[in-house]
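Colleague: The structure under discussion is supplied below as structure tokens; questions concerning it will follow.
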Amino acid sequence: MNAEALFFFSGHEAAIPIYEKLEDRILAAIPDVKVKVSKTQISFSHKRGFAFVSFNPCRRAKERPEVWMTVSFGLGYQKQSPRIDAATEPYPNRWTHHVMVGSVDEIDDELMAWLIEAAAFSASKK
């Protein structure tokens, strides 16, 4: 993990193992991914971003796990799952989904399938 990423996790150090597992799985499953760290999020992209990590809460404080981060991804339709905390359609047929992840066990095959689908959706856009 580079210095920019460590700075991003300032105050949220307990979430680093969750992020590291997510990053490892994304980089292993999806070729040619670029990782960009900014003040508010970490982006995974090809030409366009397809997955994002942030600390934007998508649940009320009392419903959040003690350690958490939000994983967001885009698809061309609204994915239905109890794991998805929020979904918005900022543009027609472009849905952004937010999943609050509270443990390394939640970086599972279901979440990875969504991110792989999001990467393919992103790559299909001109």
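Colleague: From the list Arg60, Arg83, Arg48, which one is in contact (Cβ under 8 Å) with a residue 24 or more places away in the chain, farther than 18 Å from Ala113 by Cβ, out of contact with any Pro (no Cβ under 8 Å at 6 or more places or on another chain) and not acidic (Asp, Glu)?
Modeller: Arg48
Colleague: Could you name every one of the strands (runs of 3 or more DSSP E) located completely within segment 33-126 that has at least 2 residues being surrounded by 14 or more Cβ atoms within 10 Å (Cβ to Cβ) and β-branched (Val, Ile, Thr)?
Modeller: By residue number, 34-37, 69-75, 94-101.
Colleague: Of the conditions (1) closer than 20 Å to Phe9 by Cα; (2) without any contact (Cβ under 8 Å) to a residue 24 or more places away in the chain; (3) among the charged types (D, E, K, R), Asp108 fails just one. Which one is it?
Modeller: Answer for Asp108: the failing condition is (1).
Colleague: Report every pair of residues separated by at least 6 positions or lying on different chains whose Cβ atoms are under 9 Å apart, first residue within segment 5-20 and closer than 17 Å to Asn56 by Cβ, second of a type in the set (Lys, Arg).
Modeller: Pairs found: Phe8/Lys39.
Colleague: Taking the stated definitions as given, is Ala5 surrounded by 13 or more Cβ atoms within 10 Å (Cβ to Cβ), touching a Leu at 6+ places or on another chain (Cβ under 8 Å) and either among the charged types (D, E, K, R) or not in a loop (DSSP other than H, G, I, E, B) (or both)?
Modeller: So Ala5 fails the test.
Colleague: Still on this structure, please answer the following. Quick one: Thr70 ticks every box in (1) under 20 Å from Tyr19 (Cβ atoms); (2) touching a residue at least 60 places away in the same chain (Cβ under 8 Å) bar one, so which box is it?
Modeller: (2)
Colleague: Quick check: anything in segment 30-52 aromatic (Phe, Trp, Tyr) and touching a Ser or Thr at 6+ places or on another chain (Cβ under 8 Å)?
Modeller: Scanning segment 30-52, I find at least one residue that is aromatic (Phe, Trp, Tyr) and touching a Ser or Thr at 6+ places or on another chain (Cβ under 8 Å), so the answer is yes.
Colleague: Restricted to segment 13-24, and to residues that are in contact with a helix residue (DSSP H, G or I) (Cβ under 9 Å, 6 or more places away or on another chain) and not aliphatic (A, V, I, L, M), which residue is surrounded by the most Cβ atoms within 10 Å (Cβ to Cβ)?
Modeller: Tyr19
Colleague: Consider Leu27 against the criteria (1) exposed (fewer than 12 other Cβ atoms within 10 Å of the Cβ); (2) modelled with pLDDT of 95 or more: it satisfies all of them except one. Which criterion is unmet?
Modeller: (1)
The values are calculated or read from the model by the stated rules, or taken from the named source; none is laboratory data. Nothing here was measured: the structure is a model prediction, and the numbers come from that model. Neighbour counts are summed over all protein chains in view; Cβ atoms, including those assigned to glycine, are modelled from backbone coordinates with ideal geometry.
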